[in-house]
Amino acid sequence: MTQPSPIPWHQKAYVCVHIFEDTRPVLLVSRNGGAWSLLCGHGHDDIMLGAKVVGIGHILDRDPTILPLLDLPAGWEAERETPTGDWVRRPPPESESLPPEAVAVNESVKIRFTLEKDEDGYPPFTSERLWARKLGEDLYEIDNIPFFVRDLSLGDRVSAEAAEAGVFVFRGMGERSSNSTIRVFVIREEVRPTLFGEIEKSGAEYELGAVPDMVAINIPVNSDVAGLLRYLDQASREKSLEYEEAAPRYALPVN
Ligand SMILES: [Zn+2]
């Protein structure tokens, strides 16, 4: 690093366990309360329970794409969707509690869904935050492919309400879309090109999240779901991946 930074290299920063262990990229930088927090951004609410303190320089050495944020003012946040994506800066919320009425129709908010763990402790998070678009009153349409919430798909309508500042929480299901959701856990990295090709060929779409080995697939009603499932089935028998039909709404032809 030849460029001098405006903050000392040993400046204390809070990181979640995933950043500490270098198992996930930094997707959220928060100056909430003035402190520096570098987080994976994947919606764990118990973040500070597992928080570690490191010198910020260690993380910047590892990931120089955080350097442009060193002028982030206290109270601000910056977030990016992927490790190579553009940082989006957000000023501190104007009031302590943001009423739902403050969000205009068609604006996007993040809605927090509480996750229930199964007997194996899966999923490894207490909540998942998903983008949603306001339709009216307290009605929102899901704008992400869910990675963990069960029986939820892109385009589903949900009710939500403002909790603390800027955070909306899921209250109930509204009308479900005709989209189905499948999640894939990549076991052999080299399967990715074929997997992505098969998804696109079937007419489905996918999202990659902060969990590096997961792929969330959205399957619109007119996709070749039978063909996609055939591929997934074969690839899982070859131990290249595992998959979960998280919100299956397709009717498969009987044959
Ligand atoms: Zn994390």
Exercise. Answer with one residue from ILE217, GLY203, LEU229: the one whose Cα lies farthest towards the positive end of the charge dipole of the range 180-247, charges on Cβ with Lys, Arg +1 and Asp, Glu -1.
Key: LEU229
Quiz item: Counting alpha carbon pairs within less than 8 Å and at least 6 residues apart, what relative contact order, in whole percent, applies to the range 100-173?
Solution: 29
Practice problem: For LYS134, list the aspartates and glutamates whose Cα falls under 15 Å from its own Cα; do not include residues on the same chain fewer than 8 positions away. | Solution: GLU101, GLU107, ASP143, ASP156, GLU161, GLU175
Quiz prompt | Residues listed by number, the range 164-205, amide nitrogen under 19 Å from THR84 label point at 7 Å toward C-beta | solution = 189-197, 200
Exercise. Compute the length gained on full extension between THR126 and GLU190: take 0.36 nm times their separation in residues and subtract their Cα-Cα distance, giving the result in nm to one decimal.
Key: 20.0 nm
Exercise. Could you state the angle between the C-alpha long axis of helix 225-237 and the longest principal axis of the C-alpha atoms of the chain, as a value from 0 to 90 degrees rounded to the nearest 10?
Key: 70
Quiz prompt | Of all DSSP beta bridges in the range 12-89, antiparallel share, percent nearest 5 | solution = 80
Quiz item: When the chain is modelled as a GNM with alpha-carbon springs shorter than 10 Å, which of GLU245, GLU77, GLU189 fluctuates the most?
Solution: GLU189
Self-check item: Computed over the chain: relative contact order in percent, which uses C-alpha pairs under 8 Å that are six or more apart
Solution: 14
Quiz prompt | Spacing of the two label points (7 Å from each Cα toward its C-beta) at ASP224 and GLU21, in nm | solution = 4.0
Quiz item: Hey, with R₀ at 30 Å, roughly what FRET efficiency would GLU238 and GLU200 work out to, going by the Cβ-Cβ distance, to 0.05?
Solution: 0.90
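Values quoted throughout were computed directly from the atomic coordinates according to the rules given, and no laboratory measurement underlies them. These figures come from a predicted structure and were not determined experimentally. Positions of Cβ are backbone-derived with ideal geometry, glycine not excepted, and every protein chain shown enters the neighbour counts.
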